[in-house]
Amino acid sequence: MVFFGATDKGRKRKNNEDRFACCRPADNAVVLVVCDGMGGEAGGEIAAQTAINVFLKTVTSQVADGKIGGKYSPEDPEEDMTRILGQAVDNANTEVLDMAAHNRELEGMGATLTAVFSMTSPDVTYAVNLGDSRAYVVGKKRITQITKDHSYIQYLVDTGRITGEEAERRTDRNVIVKAVGISPTALPDMFRVDRKKGEKILLCTDGLSGMLSDEDIQGIVAMPGATPEKAVDRLIKLANDAGGDDNITVIVAE
């Protein structure tokens, strides 16, 4: 699996509070994670980087116990990944809360967290998320959002109070109801996707998904000859061309 990620502060923010990471904990597996920090001058950056560090440390240490001949071979993949990803999010949440509790300047900091653990044998992807950063599967003809936004707008849509079209016109789309570091108990959502041949994985913060439509994103990622690096660079440029209202972070893997 080949992957590439990049981040850009956009055109309207002074700081970049987004963070991302890609790693290969086993020969047949990769972990991709994005975080969008929040909470003041430095707090958002610290929360996002801390969440990523703790998440990756937990996942890689857990996977190391299942490595056989350089491959990750869990006895029960779904149960194993639910446990590992859940523990990684819990640990990240606890660490961010603890840091904020011991430093008044960091009080109120937090971060979204969206991650995937993807194996090439079998071709399956597990995703976990808190907040409104997203994970997608992108094919030649369609794009499918794996995760579900933990946002106030999504809540209004889910409860039938507004339509999807009305949601697109709202100015409070960035109000989230779940994140790392805002509650003693992290309650992430988890998903499993059986990938088809040729499908790519994309992770992003709302600096991309808030500026470009899913169809625009799909068109760039699925374009013939679009390597992960080319797709990421093009998406960040288009998000900035559309206004660059927020920090922009994108990872593409194939």
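The values are calculated or read from the model by the stated rules, or taken from the named source; none is laboratory data. Model, not experiment: these values are computed from the prediction. In this analysis, Cβ positions are derived from the backbone assuming ideal geometry, glycine residues included, and neighbour counts consider all displayed protein chains.
Considered as a group, the residues in the range 72-117 that are among the charged types (D, E, K, R) and under 22 Å from Arg24 (Cβ atoms) include one that is modelled with the lowest pLDDT, and that residue is Glu75.
Among residues of the range 4-27 that are at pLDDT 90 or above, those with a beta-carbon under 7 Å from a residue that is surrounded by 14 or more Cβ atoms within 10 Å (Cβ to Cβ) and hydroxyl-bearing (Ser, Thr, Tyr) at least six positions away or on a different chain give the pairs Thr7/Thr249; Asn16/Thr7; Asp18/Thr7; Asp18/Thr205; Asp18/Thr249; Phe20/Thr7; Phe20/Thr249; Cys23/Thr60.
The selection criterion, being at pLDDT 90 or above and closer than 29 Å to Ile220 by Cβ, does not hold for Thr120.
Of the residues making up the range 142-150, none is part of a loop (DSSP other than H, G, I, E, B), β-branched (Val, Ile, Thr) and modelled with pLDDT under 70.
One line per residue, one yes/no per condition, for (1) within 17 Å of the chain's Cα centre (by Cα); (2) outside any helix (DSSP H, G or I); (3) modelled with pLDDT of 90 or more:
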position: Glu165; (1), (2), (3): no, no, no
position: Asn174; (1), (2), (3): yes, yes, no
position: Lys196; (1), (2), (3): no, yes, no
position: Gly207; (1), (2), (3): yes, no, yes
position: Met223; (1), (2), (3): no, yes, yes
position: Lys237; (1), (2), (3): no, no, yes
position: Thr249; (1), (2), (3): yes, yes, yes
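When Ala88, Ala48 are checked against the criterion of being touching a strand residue (DSSP E or B) at 6+ places or on another chain (Cβ under 6 Å), surrounded by 19 or more Cβ atoms within 10 Å (Cβ to Cβ) and part of a helix (DSSP H, G or I), a single residue qualifies: Ala48.
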